[in-house]
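Notes to accompany the following structure.
The values are calculated or read from the model by the stated rules, or taken from the named source; none is laboratory data. What you see is a predicted model; the values in this text were computed from it and never measured. Cβ placement follows ideal geometry from the backbone for every residue including glycine, while neighbour counts extend to all protein chains displayed.
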Amino acid sequence: MTTIGRGTAAHLEKVEAPGSMLTRTAARALAVLRISTGFVFLWAFFDKTFGWGFATPAERAWVNGGSPTKGFLSGVEVGPFQGFFHGIAGDSWANWLFMLGLLGIGLAFVLGIGMRLAAGAGVVMMALMWAAEWPLDRTTGAGEPSGSTNPVTDYHFIYAVAGIVLALTYAGHTWGLGRWWASLPIVQKNRWLI
């Protein structure tokens, strides 16, 4: 039989049931995750818009007539949705939806507002990008290695789960505008806007 020390036993008595307590340290860690995740989306938006030379060279920037979706979607070489993604690559509506999604999700996460809406949009965006990369295939249509390292849990899945966790834990309340946002009358009447 294991003996629990007096300090440990006292600590266990103070532990609440899951879901009833969030420590200050945990709230701050979630705030860092929220801001970092938001920055990933915002960085992608600004790099694709202005061509800062990381993923997008200046000559392919959106402001210089480039397409934020053409390069990625026209390069899809795996999966059952190749034809669909090739067909929408570079379409104006696809560019606008993708860029508005990056901007909206990024701003919502960084500011800590509209977290549920941002998480839902993030899940949809990540699911579509996962389908485009189709990590289930080990080889491309041409028989080349696809580069897939994990058929299920890749960065798309992690970003989607992170967004859900951030929304469900009210991560926007710490180091963000979440409390203020939640107090707005329109948000009080429409809780899905939290």
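Quick one: would you say Phe157 is modelled with pLDDT of 95 or more, hydrophobic (A, V, I, L, M, F, W, C) and either within 22 Å of Arg24 (Cβ to Cβ) or outside any helix (DSSP H, G or I) (or both)? Talk me through it step by step, then tell me what you get.
Values: modelled with pLDDT of 95 or more: yes; hydrophobic (A, V, I, L, M, F, W, C): yes; either within 22 Å of Arg24 (Cβ to Cβ) or outside any helix (DSSP H, G or I) (or both): no.
Here the answer is no, as Phe157 does not meet what is asked.
Among the residues here, Gly112 qualifies as in contact (Cβ under 8 Å) with a residue 40 or more places away in the chain, among the small types (Gly, Ala, Ser) and crowded, with 16+ Cβ neighbours inside 10 Å.
Being charged (D, E, K, R), touching a residue at least 60 places away in the same chain (Cβ under 8 Å) and surrounded by fewer than 19 Cβ atoms within 10 Å (Cβ to Cβ) is not true of Arg60.
Kindly establish whether Pro135 is farther than 17 Å from Asn190 by Cβ, surrounded by fewer than 15 Cβ atoms within 10 Å (Cβ to Cβ) and touching a Pro at 6+ places or on another chain (Cβ under 8 Å). Break it down stepwise before answering.
Working: farther than 17 Å from Asn190 by Cβ: yes; surrounded by fewer than 15 Cβ atoms within 10 Å (Cβ to Cβ): no; touching a Pro at 6+ places or on another chain (Cβ under 8 Å): yes.
Judged against the criteria, Pro135 is not a match.
Of the residues making up segment 12-29, not a single one is of a type in the set (A, V, I, L, M, F, W, C), modelled with pLDDT of 95 or more and either surrounded by 17 or more Cβ atoms within 10 Å (Cβ to Cβ) or within 30 Å of Thr139 (Cβ to Cβ) (or both). Within segment 113-124, is even one residue of a type in the set (Lys, Arg) and closer than 23 Å to Ala29 by Cβ? Taking every residue of segment 113-124 in turn, at least one turns out to be of a type in the set (Lys, Arg) and closer than 23 Å to Ala29 by Cβ.
Condition check ((1) within 19 Å of the chain's Cα centre (by Cα); (2) surrounded by 14 or more Cβ atoms within 10 Å (Cβ to Cβ)) across all residues:
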{"residue": "Thr140", "(1), (2)": "no, yes"}
{"residue": "Ser146", "(1), (2)": "no, yes"}
{"residue": "Val152", "(1), (2)": "yes, no"}
{"residue": "Ala167", "(1), (2)": "yes, yes"}
{"residue": "Leu177", "(1), (2)": "yes, yes"}
{"residue": "Gln188", "(1), (2)": "no, no"}
{"residue": "Ile194", "(1), (2)": "yes, yes"}
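If I filter segment 76-97 for residues that are closer than 27 Å to Trp181 by Cβ and of a type in the set (A, V, I, L, M, F, W, C), do I get at least one hit? Scanning segment 76-97, I find at least one residue that is closer than 27 Å to Trp181 by Cβ and of a type in the set (A, V, I, L, M, F, W, C), so the answer is yes.
Condition check ((1) in a helix (DSSP H, G or I); (2) among the polar types (S, T, N, Q); (3) more than 30 Å from Leu177 (Cβ to Cβ)) across all residues:
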| residue | (1), (2), (3) |
| --- | --- |
| Leu22 | no, no, no |
| Ala29 | yes, no, no |
| Phe72 | yes, no, yes |
| Phe109 | yes, no, no |
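Can you find a residue that is under 21 Å from Phe46 (Cα atoms), touching a helix residue (DSSP H, G or I) at 6+ places or on another chain (Cβ under 7 Å) and either assigned to a loop (DSSP other than H, G, I, E, B) or touching a residue at least 12 places away in the same chain (Cβ under 8 Å) (or both) anywhere in segment 132-153? Please lay out each step first, then the result.
Step one: filter segment 132-153 for residues under 21 Å from Phe46 (Cα atoms), giving none.
There is no residue in segment 132-153 that is under 21 Å from Phe46 (Cα atoms), touching a helix residue (DSSP H, G or I) at 6+ places or on another chain (Cβ under 7 Å) and either assigned to a loop (DSSP other than H, G, I, E, B) or touching a residue at least 12 places away in the same chain (Cβ under 8 Å) (or both).
Quick one: is Phe84 within 28 Å of Val110 (Cβ to Cβ) and either of a type outside the set (D, E, K, R) or part of a helix (DSSP H, G or I) (or both)? Here the answer is no, as Phe84 does not meet what is asked. When Gln188 is tested against the conditions (1) part of a helix (DSSP H, G or I); (2) under 19 Å from Thr23 (Cα atoms), the lone failure is (2).
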